[in-house]
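Student: Just dropping this structure here.
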Amino acid sequence: MSSRAALLPLLLGHLACSGSADVSTAPPSPLDGSWVATVVREPARFDALIGAADSPARPGWIALHKNAWAEATTTPGAPAKRANAELAVLHGVLADLSNDAWRSLGTTWEQRGTLPTDSVLPTLVALAAKDAGDSVSWARWQKVPQRADPAVDSRVAQHDAVRKGEASLVTAQSLGGVPLVEEPIPDGRRTFWDPMMHFTLAQAYGREIAEGYPADPLERMLFSGMIDPADSTPSGAWKKLGLAMPPTDDAEACREVVRGFDRQLDPWKVQLAATAPEAGKALLGDLRLVEGLRSRALVDWAVDALGTDQPRCALAFAEMALDHEHPRELTPLNSPTLYAVTAAANLRTGRTREALDALQVLVGPFPETTGLDETVGDLAVLQGLDRTGDSREQ
């Protein structure tokens, strides 16, 4: 049993024995200013924001709660802007994963001494290195013998147009789902996918929120992982909670950060439920608001850990955010970014098969991840060539 699950019955038992006065006089919590506290204590504000049954914005808020971001982008107002922001982060994580996978694919193939000299592969690896900001790798792969292909040149031009704002998000989305190049080889065809897809999508979704992002605090925070209304960053959350990110990439130390968070969340949830109006209690339980805040906060922390080159911490945060009742489904607790972070952190720590396993959860709801899934699969096969025999990359 987790520390959270073990602690809650003890708290409930204590409250039952000691009476409601202990709850009503509980010391202030740093979570008292969160969006969860706002909507539970003032459910009328939640109702006003979500709107009536026929409100055009209501389906968007429902979709945002479910982490159904693509669905939310088709609705008006704040939910669409919030969903575009989530999708920008998702594809940013996937872009980093893609860049890592392509560079690893190229170097692994090269180290085996079987890198083809009549292929577009070096060009694609160079493009991934460029998007990663890896100028050394980019320059080196440009010098590797390679085959020019007009399909690649055309695709690069399309990506450049989207990234400059000269083409739309719809154009960016249309570039995925089919291979970029299929090269003939003696015993079949060699397939390569688009290494630039997710970097372009991250920029395109980011442009969608450049104007008109919600200014109302509750619109900005509802169904998010934000702890401190004044500072949406993970460091702001840690400061508010009195926690600190470990200085090194130590998975167990990062798990202890989560346990420290849980030690505050669990008694606070009990206190919040005990003092809330009936409508607020219903929201708290029916929508699993505290659990959603926790999961989204941990995913935010995991994204931040990846950005500071702490993949083991990122993986620890993601694993502790996962809803183990539905481990391979997108749910109100399991966001798409949770699986993207899990895949990226696993790949960066040398566990390609585990990265592929996490990535495959996204293929159905996000067809544009098909190419990345195939590329990571190719890398897994190539890395395991000595054990599994002939590779499909050959």
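The values are calculated or read from the model by the stated rules, or taken from the named source; none is laboratory data. Because the structure is predicted, anything quoted here is derived from the model rather than measured. Quick reminder, even Gly has a Cβ in these numbers, built from the backbone with ideal geometry, and neighbours come from all protein chains shown. Ligands, DNA and RNA are excluded from the accessible area calculation, which covers all protein heavy atoms including side chains. Shrake-Rupley method; radii C 1.70, N 1.55, O 1.52, S 1.80 Å.
Student: Looking only at region 90-108, decide whether some residue is modelled with pLDDT of 95 or more, part of a loop (DSSP other than H, G, I, E, B), basic (Lys, Arg) and open to solvent by 10 Å² or more (accessible area, probe 1.4 Å).
Tutor: no
Student: Return a yes/no flag: does region 242-254 have any residue that is open to solvent by 10 Å² or more (accessible area, probe 1.4 Å) and closer than 22 Å to Glu291 by Cβ.
Tutor: Scanning region 242-254, I find at least one residue that is open to solvent by 10 Å² or more (accessible area, probe 1.4 Å) and closer than 22 Å to Glu291 by Cβ, so the answer is yes.
Student: Taking region 219-238, which residues are out of contact with any Lys or Arg (no Cβ under 6 Å at 6 or more places or on another chain) and either open to solvent by less than 10 Å² (accessible area, probe 1.4 Å) or at positive phi (or both)?
Tutor: Leu222, Phe223, Gly236, Ala237 - these are the residues of region 219-238 that are out of contact with any Lys or Arg (no Cβ under 6 Å at 6 or more places or on another chain) and either open to solvent by less than 10 Å² (accessible area, probe 1.4 Å) or at positive phi (or both).
Student: So which residues in region 127-146 are among the aliphatic types (A, V, I, L, M) and either in contact (Cβ under 8 Å) with a residue 24 or more places away in the chain or surrounded by 16 or more Cβ atoms within 10 Å (Cβ to Cβ) (or both), if there are any at all?
Tutor: Selection gives Leu127, Ala128, Ala129, Ala132, Val144.
Student: A follow-up question, please. Pairs, please: C-beta under 7 Å, at least 6 apart or cross-chain, first residue over 16 Å from Leu90 (Cβ atoms) and assigned to a helix (DSSP H, G or I) and in region 303-325, second open to solvent by 70 Å² or more (accessible area, probe 1.4 Å) and at pLDDT below 95?
Tutor: Here the result reads none, with nothing in region 303-325 linked to a residue that is open to solvent by 70 Å² or more (accessible area, probe 1.4 Å) and at pLDDT below 95.
Student: Scan region 347-373 for residues that are over 27 Å from Arg288 (Cβ atoms) and either among the β-branched types (Val, Ile, Thr) or open to solvent by less than 40 Å² (accessible area, probe 1.4 Å) (or both) and jot them down.
Tutor: Residues satisfying the conditions are Leu347, Thr349, Thr352, Ala355, Leu356, Glu368, Thr370, Gly371, Leu372, Asp373.
Student: Provide a single number: the residues in region 328-345 that are more than 19 Å from Ala63 (Cα to Cα) and either open to solvent by less than 10 Å² (accessible area, probe 1.4 Å) or acidic (Asp, Glu) (or both).
Tutor: Residues meeting the conditions: 5.
Student: Quick check: is even one residue across region 205-215 free of Cβ contacts under 8 Å to residues at least 24 places away in the same chain and either farther than 30 Å from Phe261 by Cα or in contact with a helix residue (DSSP H, G or I) (Cβ under 8 Å, 6 or more places away or on another chain) (or both)?
Tutor: Checked against the condition, which is being free of Cβ contacts under 8 Å to residues at least 24 places away in the same chain and either farther than 30 Å from Phe261 by Cα or in contact with a helix residue (DSSP H, G or I) (Cβ under 8 Å, 6 or more places away or on another chain) (or both), region 205-215 yields at least one hit.
Student: On to the next question. If we scan region 147-169, do we find a residue that is under 23 Å from Leu356 (Cβ atoms), open to solvent by 60 Å² or more (accessible area, probe 1.4 Å) and out of contact with any helix residue (DSSP H, G or I) (no Cβ under 8 Å at 6 or more places or on another chain)?
Tutor: Taking region 147-169 first, the residues under 23 Å from Leu356 (Cβ atoms) are none.
Checked region 147-169: no residue is under 23 Å from Leu356 (Cβ atoms), open to solvent by 60 Å² or more (accessible area, probe 1.4 Å) and out of contact with any helix residue (DSSP H, G or I) (no Cβ under 8 Å at 6 or more places or on another chain).
Student: Tally time: how many residues in region 326-369 are over 15 Å from Leu90 (Cβ atoms), part of a helix (DSSP H, G or I) and either among the aliphatic types (A, V, I, L, M) or modelled with pLDDT under 95 (or both)?
Tutor: The qualifying residues number 3.
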